[in-house]
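Asks: Got a structure for you, questions after.
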Amino acid sequence: MSSAGSQTGDGGNAPALSLLRVLGRRWFHIVIAVVVAGALGLIVSMAVTPTYKSTARVFLSTDATEAGGSVDLSRVVQTQAELATSKQAVTQVATKLHQNPGYVAAHVTAVPADSAYYFTITALADTQLRANQLVSNTRDVYKTLLTNYNGGDQATVDALQKAWNEVRTQLGAATPGSPNYNVLNDTLTKLNTKLTDAKVAQAISATTVGFTEDPNDAGRIAPKPFTSVLIAGLIGLFVAIAVIWVRYLRRPTVLDGRAAADSLGAPLIVGASGVTPSIDTIVSAMAAVLSPTVKVVALTPAAAGDLTSETVAGVAASWSDDQGVVLVLDASPSSEVRSMLERLPRATSGELPRWAHEPTCLARSSGSGRGHVLYNRVSPSRASRPGGLAPILADRAPVVDLVLLLTPPLTDLPMTAASALQADAVVVITSPDTRTDELASVPRDWPALAERIVGVIHAERGGFRPSTIAAETRGGARPTVGGTIDRDLDHRDGDPEVTDRYARPSGGREY
């Protein structure tokens, strides 16, 4: 099959894909995935070490920069923020707090404001106290480095002032006009200039920082249980959707009964409403599409498990309830139909054909006792040969009202085609687990079989409601299909009739 389009690569009538319809069929799996993911998210959030946040804003003054001319204030703020988190600042903060510089660098940031003259120091830590300490120490170290960076630190001013005092004392003791006097006078002049510059730089550094906030507690920012559960649930939802969609693309199945019918090119007779159909509905739908001349109807499951023994027994009993005789000819690879039919009452009519009383045949009355159901097991290898069922059908079909031929599933082609083509009509039973490509291959590879298909029955596997007609018991003492075993049966030994022999035509050899 080609990509996920509305048709297969060979032009067959594959159903159009719909994500919502695919997900709707797996809604329970999605709910489980979301619940499990949310629970895991909650567990992880409770196990992770909490993270606390602290912030402080440092407001800068523009007086000093404006005095010097036009200055790009955004670059000034950026520079100050970089200074607050420089390597030298990080090292000093780490020394004060007895931490590793790498820890400080990883947990402290300084972000300049976009449209204001300040920057924000932010610290993250495992406790609120430690976060506040990181912020306050970073702020103090920044102010110290700012003064040193401009050359106006107090130590420089004190040194210059001390040198100026010494030179001034020596100058007072020197003789005016002497060479030493002139040297001391020049030195004093230079010291005056340096001391003035240092005091100006110190004043400018002090006015650069206009205001600094105390650490502001932002509280616990992670993990937040509700947020963790929400995020984990969304991740589980998306993962579940992706897995379901990918699995569907790799193994596409029918989305509904109409899609299955379109793939086979046959009408959908049961399963269009989405409501679980009853056995009576199936019988009525089959009767509506079968012509009066049809005597042998093949019930063919699309895959193993699509046709259950309860459904076969219910259809046979309901169909025979109109005072008719239905023969179930079982050619499926493995079947439990006989054990299910054994729960019906024993046949009491003396008008049944002679072969109905042979050990190879199981004869039962319908649920209400107005009809009869006959069961024969046929060798699947015999049924898969061309004309292999002809002797049996020629011997038994004329004396019954309807023959229900149970064939292997469509997945067992060509064995299925060989047995189903010996019937007058074919009814295919599908389920949501039926693969689309397997159905689409039938009209393409087996056109003769596709022409015999008169209808498609679609429902969940085993999802048919029991017959209301068969539920009417005679005098309240007779069981129905799926009910208790007949009172005439031995509960310890079961039905004494043979259950493992194959049907054979009257007077002939075993088939």
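Yes/no matrix, rows are residues, columns are (1) in contact (Cβ under 8 Å) with a residue 40 or more places away in the chain; (2) over 25 Å from Ile269 (Cβ atoms); (3) not assigned by the TED database to the domain that holds Ala331:
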position	(1), (2), (3)
Glu342	yes, yes, no
Pro345	yes, yes, no
Arg385	no, yes, no
Ile392	yes, yes, no
Pro408	yes, no, no
Ala417	no, no, no
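Asks: While we're on this one: Just the residues that are open to solvent by 40 Å² or more (accessible area, probe 1.4 Å) and among the aromatic types (Phe, Trp, Tyr), please, taken from the range 439-467.
Replies: Trp446
Asks: If you go through the range 104-118 one residue at a time, do you hit one that is open to solvent by less than 30 Å² (accessible area, probe 1.4 Å), at pLDDT 90 or above, in contact with a strand residue (DSSP E or B) (Cβ under 9 Å, 6 or more places away or on another chain) and of a type in the set (Phe, Trp, Tyr)?
Replies: No; the residues of the range 104-118 include none that is open to solvent by less than 30 Å² (accessible area, probe 1.4 Å), at pLDDT 90 or above, in contact with a strand residue (DSSP E or B) (Cβ under 9 Å, 6 or more places away or on another chain) and of a type in the set (Phe, Trp, Tyr).
Residue by residue, here is whether (1) in a helix (DSSP H, G or I); (2) modelled with pLDDT under 90 holds:
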{"site": "Ala417", "(1), (2)": "yes, yes"}
{"site": "Val426", "(1), (2)": "no, no"}
{"site": "Pro432", "(1), (2)": "no, yes"}
{"site": "Gly462", "(1), (2)": "no, yes"}
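Asks: Now for a different question. Take the conditions under 29 Å from Gly257 (Cα atoms), in contact with a Ser or Thr (Cβ under 7 Å, 6 or more places away or on another chain) and open to solvent by 10 Å² or more (accessible area, probe 1.4 Å) and apply them to Ser320. Does it pass?
Replies: In short, no.
Asks: In addition: Within the range 192-207, is there a residue that is part of a helix (DSSP H, G or I), modelled with pLDDT of 80 or more and surrounded by fewer than 19 Cβ atoms within 10 Å (Cβ to Cβ)?
Replies: yes
Asks: In the range 270-301, how many residues are within 36 Å of the chain's Cα centre (by Cα) and at pLDDT 90 or above?
Replies: 3
Asks: Filter the range 119-135 down to the residues that are assigned to a helix (DSSP H, G or I) and open to solvent by less than 60 Å² (accessible area, probe 1.4 Å) and list them by number.
Replies: Gln128, Ala131, Asn132, Leu134, Val135, listed by residue number.
Asks: Sticking with this structure for a sec: Here are Thr138, Thr91: which of them is modelled with pLDDT of 85 or more, in a helix (DSSP H, G or I), open to solvent by less than 20 Å² (accessible area, probe 1.4 Å) and not hydrophobic (A, V, I, L, M, F, W, C)?
Replies: Thr138
Asks: Another question, then. Going by the structure shown, is Ala304 in the same structural domain as Val456 (by the TED database) and surrounded by fewer than 20 Cβ atoms within 10 Å (Cβ to Cβ)?
Replies: So Ala304 passes the test.
Asks: Against the conditions (1) touching a Pro at 6+ places or on another chain (Cβ under 8 Å); (2) open to solvent by 20 Å² or more (accessible area, probe 1.4 Å), where does Thr436 fall short? Just the number, please.
Replies: Failing condition for Thr436: (2).
Asks: Inspect all residues belonging to the range 407-417 and state whether any of them is out of contact with any Leu (no Cβ under 7 Å at 6 or more places or on another chain) and either more than 19 Å from Gly305 (Cβ to Cβ) or aromatic (Phe, Trp, Tyr) (or both).
Replies: yes
Asks: With respect to Glu358, determine if the residue is open to solvent by 10 Å² or more (accessible area, probe 1.4 Å) and more than 45 Å from the chain's Cα centre (by Cα).
Replies: So Glu358 fits the description; yes.
Asks: Considering the range 404-418 alone, what residues qualify as being of a type in the set (A, V, I, L, M), within 38 Å of the chain's Cα centre (by Cα) and open to solvent by 10 Å² or more (accessible area, probe 1.4 Å)?
Replies: Leu410, Leu413, Met415
The values are calculated or read from the model by the stated rules, or taken from the named source; none is laboratory data. Since the structure is predicted, the reported quantities are computational estimates derived from the model, not experimental observations. Note that we place each Cβ from the backbone using ideal geometry, even for glycine, and neighbour counts take in every protein chain shown. Ligands, DNA and RNA are excluded from the accessible area calculation, which covers all protein heavy atoms including side chains. Shrake-Rupley method; radii C 1.70, N 1.55, O 1.52, S 1.80 Å.
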